[in-house]
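Shown next, in structure tokens, is the structure this report addresses.
The values are calculated or read from the model by the stated rules, or taken from the named source; none is laboratory data. This structure is a prediction, so every number in the text was calculated from the model and none was measured. Glycine also receives a Cβ, built like all others from the backbone with ideal geometry; neighbour counts cover every protein chain displayed. Side chains included, ligands, DNA and RNA excluded: accessible areas come from the protein's heavy atoms. Shrake-Rupley method; radii C 1.70, N 1.55, O 1.52, S 1.80 Å.
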Amino acid sequence: MAYTRFLTERSLKRKKNYVRRMLEIVVNASIVQENPSIITMAGGMPNPQTFPIQEVSLKLKNGKRIDLDEKATRIALQYSGTKGLPPLVNMLTELQCRIHNPPTYKAEGHPGPLDLIVTSGSQDGLCKVFESMVNPDDKVLVEHPTYSGTLAIVKPLTSKAIPVESDIDGLNPASLRQALSPWSPSDAKRPGSDIPKVLYLVPNGGNPTGAGLTLDRKKEIYKIAQDYNLIIMEDDPYFYLQFTKPYVPSFLSMDTDGRVVRFDSFSKLVSSGMRLGFVTGPKPLLERLELHMQCSVMHASGLSQMALYKVLEDWGIEGFLKHAETTAELYKTKRDQCLAIMEKHLKGLAEWTIPSGGMFVWVKLHVEDSHKLITVRAREKGVLFVPGSVFMMDSSKPSPYIRASYSNCTEEQMDTAFQRLAEILQEG
């Protein structure tokens with residue numbers, strides 16, 4: 001694949017930062033002992049003697065303590081390489097290979113070999129990758145309805161985002177073909193064509209719909225992406241929160257071409273406050289992400305990265321997968337509680353689909369527009385939901401939908417919330 005066509009002029013202008021490169025050499029020397037005798041007077045690294053924190057101790061919920069000794073704490077508190085702490089990057093690469101087995105990993109001579117970068121939450125990676133690939137007024141294919149955070153990124157970049165409708169099984173390939181119908185695959189080879197270059201979607205536990213793509217649909221979507229030479233932005237923070245096993249294989253797992261940029265998050269599995277995610281995809285595209293990070297955040301929090309690495313090191317991949325399974329079981333239980341309570345209070349007043357994963361249920365109220373009902377009347381009754389218009393490309397249009405999150409409510413709280421919503425709907 002020729003990746004230059006996917007990149008913006010601004011992104012292509014970004015150059016490697018020599019000082020950051022020198023810093024990475026120093027970090028590798030201190031962490032992985034590439035050259036422990038190296039003396040550096042290159043970087044403006046603070047003297048660690050000035051750091052007030054000497055050691056850090058983490059107590060896990062199983063009672064075990066994980067200690068960051070003086071050396072690990074010093075590394076965590078210092079500047080580090082943009083791509084992430086080397087041992088964490090290696091561990092996450094091992095995890096991706098174990099779970100997804102990407103065809104482009106160590107593929108000799110491939111134009112888009114696999115790369116991985118740790119980001120300040122997957123949202124930051126998502127934002128920077130969009131900015132690297134979307135010029136003003138570029139046409140971008142976006143699953144619809146979609147994550148409101150993505151709309152907040154895309155709308156300022158382009159006024160020509162194209163909605164691709166989804167249903168209970170996720171993004172509909174027929175809708176994708178319809179969205180692409182003004183063009184032919186040959187337009188992707190024509191310089192200056194306005195054919196879309198990027199497809200964004202959430203394949204599991206969709207936010208807001210709770211829907212998950214089937215394997216057959218993924219294969220069909222990937223084939224369409226090949227035909228029209230699209231980059232697939234696979235935003236998958238709920239991959240490990242699928243409610244059935246085995247996991248539906250990812251787009252990354254079938255990416256023979258190097259056209260998938262995958263976004264993973266630890267917010268739903270370890271901690272949202274740590275602000276750690278990671279992006280996996282073809283090196284020519286991730287290089288642009290790295291260069292953007294070099295001149296903005298520089299790198300994700302070193303303390304968060306070290307703490308996460310130590311926890312993952314203690315667990316091992318099997319322990320991480322067990323924790324993910326336990327987490328998914330918790331949310332599945334809460335989903336079932338939520339659905340039973342909705343059946344109790346909202347039957348005849350609304351309809352909904354059964355979430356296949358994640359934290360949300362997508363509810364269609366028997367009203368023309370939910371916005372005022374939710375933002376004013378429900379709030380006055382002491383209950384909060386999100387009106388469906390927030391997740392629509394045109395948020396000014398009426399929407400009967402609401403998004404309800406069952407992740408952090410007790411069964412009793414959900415019962416009270418839906419009872420109050422039912423009372424509002426019955427009042428008319």
**Complete:** Here the relative contact order (percent) of the chain, from C-alpha pairs under 8 Å and at least 6 apart, is 18
**Carbon and sulfur %, accessible surface of segment 113-186 computed with the full protein complex present, 1.4 Å** = 54
**Message:** Would you work out the Kirkwood radius for segment 222-309? I mean one over the mean of 1/r across all pairs of different Cα atoms, in Å.
**Reply:** 14.8
**Prompt:** Taking Lys397 as the anchor, which aspartates and glutamates have their alpha carbon closer than 14 Å to its alpha carbon, excluding any fewer than eight residues away along the same chain?
**Reply:** Glu368, Asp369
**Message:** What lysines does Lys347 reach when the alpha-carbon gap must be under 16 Å and sequence neighbours fewer than 8 apart in one chain are set aside?
**Reply:** Lys364
**Message:** Looking only at segment 82-232, where both bridge partners belong to it, what percent of the DSSP beta bridges are antiparallel (to the nearest 5)?
**Reply:** 20
**Complete:** If each part is reduced to its alpha-carbon centroid, segment 196-253 and segment 60-109 end up apart, in Å, by 25
**Asked** Which value, in Å² rounded to 10, gives the accessible area of Ile195 with a 1.4 Å probe and all protein chains present?
**Response** 10
**Message:** With an 8 Å Cα cut-off and a minimum separation of 6 or more residues, compute the relative contact order for segment 365-420 in percent.
**Reply:** 37
**Asked** Top mean-square fluctuation among Gln413, Gln242, Gln96, Gaussian network model of the chain, C-alpha springs under 10 Å?
**Response** Gln413
**Asked** Between His366 and Ala2, what is the FRET efficiency for a Förster distance of 60 Å, r being their Cβ-Cβ separation, to the nearest 0.05?
**Response** 0.75
**Request:** Using the 2.2 N^0.38 Å rule of thumb for compact globular proteins, work out how the chain stacks up: its C-alpha Rg over that value, please.
**Result:** 1.04
**Prompt:** Per the 1.4 Å probe, what fraction of the accessible area of segment 352-410, in percent, lies on carbon and sulfur atoms?
**Reply:** 53
**Prompt:** Considering only protein heavy atoms, what per residue accessible area in square angstrom results for the chain with a 1.4 angstrom probe?
**Reply:** 46
**Request:** Could you work out how far apart the two model spin labels at Ser296 and Gln413 are, taking each label as a point 7 Å from the Cα in the direction of the beta carbon, and quote it in nm?
**Result:** 3.2
**Prompt:** Nearest 0.05, what FRET efficiency do Lys381 and Asn47 give at R0 = 51 Å with Cβ-Cβ as r?
**Reply:** 0.35
**Request:** Quick one: what are the phi-derived ³J(HN,Hα) couplings along segment 47-61, Karplus 6.51/-1.76/1.60 with θ = phi - 60°, whole Hz, x for glycine and proline?
**Result:** 6, x, 4, 8, 6, x, 8, 9, 9, 10, 10, 10, 10, 7, 5
**Label zone at Lys219 (point 7 Å along Cα-to-Cβ), backbone N below 16 Å, segment 194-213** = 213
**Asked** So what J values fall out for segment 319-329 if you push phi through Karplus, 6.51 cos²θ - 1.76 cosθ + 1.60 with θ = phi - 60°, rounded to Hz, Gly and Pro as x?
**Response** x, 4, 5, 5, 4, 4, 5, 5, 5, 4, 5
**Item:** Modelled FRET efficiency - R0 35 Å, Leu330 with Glu94, Cβ distances, 0.05 increments
**Value:** 0.85
**Item:** Label point distance in nm, Leu321-Gln54, each placed 7 Å from Cα along Cα→Cβ
**Value:** 4.1
**Request:** State the antiparallel share, in %, of DSSP beta bridges confined to segment 219-304, rounding to the nearest 5.
**Result:** 50
**Per-residue HN-Hα couplings for segment 179-192 [Karplus 6.51, -1.76, 1.60; θ = phi - 60°; Hz; x = Gly/Pro]** = 5, 8, 4, x, 10, 10, x, 5, 5, 5, 9, 9, x, x
**Request:** Output the peptides 352-360, 415-423 sorted from most to least packed, where packing is the average of other Cβ atoms within 10 Å over each peptide's residues.
**Result:** 352-360, 415-423
**Shape of segment 1-105, Cα gyration tensor, a/c cut at 1.5** = oblate
**Prompt:** When only Cα pairs under 8 Å and 6 or more residues apart are kept, what is the percent relative contact order across segment 259-321?
**Reply:** 26
**Asked** In terms of Cα to Cα distance under 14 Å, which aspartates and glutamates are near enough to Lys83, apart from those fewer than 8 places away along the same chain?
**Response** Glu24, Asp115, Asp124, Glu287, Glu290
**Item:** Residue with peak Gaussian network fluctuation, the chain [Cα springs, cutoff 10 Å], from Asp264, Asp137, Asp235
**Value:** Asp137
**Prompt:** What part of the accessible area of segment 227-336, given as a whole %, is carbon or sulfur when the probe is 1.4 angstrom?
**Reply:** 53
**Request:** Calculate how many DSSP beta bridges within the chain are antiparallel, expressed in % of all such bridges and rounded to the nearest 5.
**Result:** 65
**Asked** Looking at this model, which pairs from Lys128/Lys155; Lys61/Lys322; Lys13/Lys106; Lys344/Lys381; Lys13/Lys189 are more than 26 angstrom apart at the alpha-carbon?
**Response** Lys13/Lys106
